[in-house]
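For reference, the structure discussed in these notes is given below.
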Amino acid sequence: MLSPAKSLEVARVNPPDAVVILGGGKPKSLLEPPRFVQNRCDIAAKIYLEAKKFGRKIHLVPISAGTAHSSQLLNKQGLPIWESAASAAYMVKTHGIDSKAILMETTSYDTIGNAYFTRAQICDPMDFKRIWIVTSEFHMPRSKAIFEWIFNCTGPKKRL
């Protein structure tokens, strides 16, 4: 686990392929995820921008469709505003992040699902080898254990 300051230093010389930003609750609007999720987005954006200054390309991966025990925020058409969409929109508007650098996961509703769908839908298809997780300090031990478990799983040997 790296502190935010140490992660900026490492991002200059050995950045990850992707920075995964965990969701964490119903957004107030498309541009306003919960305050502690905004803090996570701010850290991820700083990592992205620091790597970019040194010519390094990384992806930002906000994750989560919503929270299983909470109602979903709906847009004017009655469609859900995913937690990851609010995080992505916040980073684009607040930090000027290029939307092409953002890959959203919009399937999961808990931390195990976050890890599984991030791996299955984004990291494996994109062949990402190094990912960093950004979450709150209180959530890091649990998130780290779950992501290591999911990302260290191997599937059955394929036969044709």
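Considering only Lys52, Lys26, Lys100, the Gaussian network model of the chain with Cα springs below 10 Å gives its largest mean-square fluctuation to Lys100. A compact globular protein would have a Cα radius of gyration near 2.2 N^0.38 Å; the ratio found for the chain is 1.02.
Solvent-accessible surface of the chain, taken per residue with a 1.4 Å probe and all protein chains present: 58 Å².
Residue ranges 86-97, 135-146 sort as 86-97, 135-146 when ordered by packing (mean number of other C-beta atoms within 10 Å per residue, highest first).
Counting only DSSP beta bridges with both residues in the chain, the antiparallel share comes to about 15 percent. Volume per residue for the range 82-160 equals 124 cubic angstrom (convex hull of Cα atoms).
Taking every alpha-carbon pair under 8 Å whose residues sit at least 6 apart, the range 67-160 reaches a relative contact order of 21 percent. Its Cα centre serving as origin, the range 11-152 has a Cβ charge dipole (Lys and Arg +1, Asp and Glu -1) of approximately 400 debye. As a rough guide to protection, the peptides 69-81, 103-115 ranked by mean Cβ packing within 10 Å, highest first, stand as 103-115, 69-81. Over the chain, dividing the summed -39,500 (n - 2.57) contributions of all DSSP H runs of at least 4 residues by the number of residues returns a 222 nm mean residue ellipticity of -12000 deg cm²/dmol.
Computed from label points 7 Å out along Cα-Cβ, the spacing between Glu137 and Phe54 is 2.5 nm.
A viscosity of 1.567 mPa s and a temperature of 4 °C, combined with the Kirkwood radius over Cα pairs in Stokes-Einstein, give a translational diffusion coefficient for the range 31-92 of 102 µm²/s. Per residue, the average separation of C-alpha pairs within less than 8 Å and at least 6 apart gives the range 1-86 a relative contact order of 37 percent.
Only protein atoms count toward the accessible area here, which uses a 1.4 Å probe; on the chain, the carbon and sulfur part of that area reaches 57 percent.
Residues in the range 106-117 carry Karplus couplings, in order, of 10, 10, 8, 10, 7, 5, 5, x, 3, 5, 4, 6 Hz; the curve used is 6.51 cos²θ - 1.76 cosθ + 1.60 with θ = phi - 60°, and Gly or Pro positions show x.
The values are calculated or read from the model by the stated rules, or taken from the named source; none is laboratory data. Because the structure is predicted, anything quoted here is derived from the model rather than measured. So basically every Cβ, Gly included, is an ideal-geometry build from the backbone, and we count neighbours across all protein chains shown. These area figures cover heavy atoms from the full protein model, side chains too; ligands, DNA and RNA do not enter into them. Shrake-Rupley method; radii C 1.70, N 1.55, O 1.52, S 1.80 Å.
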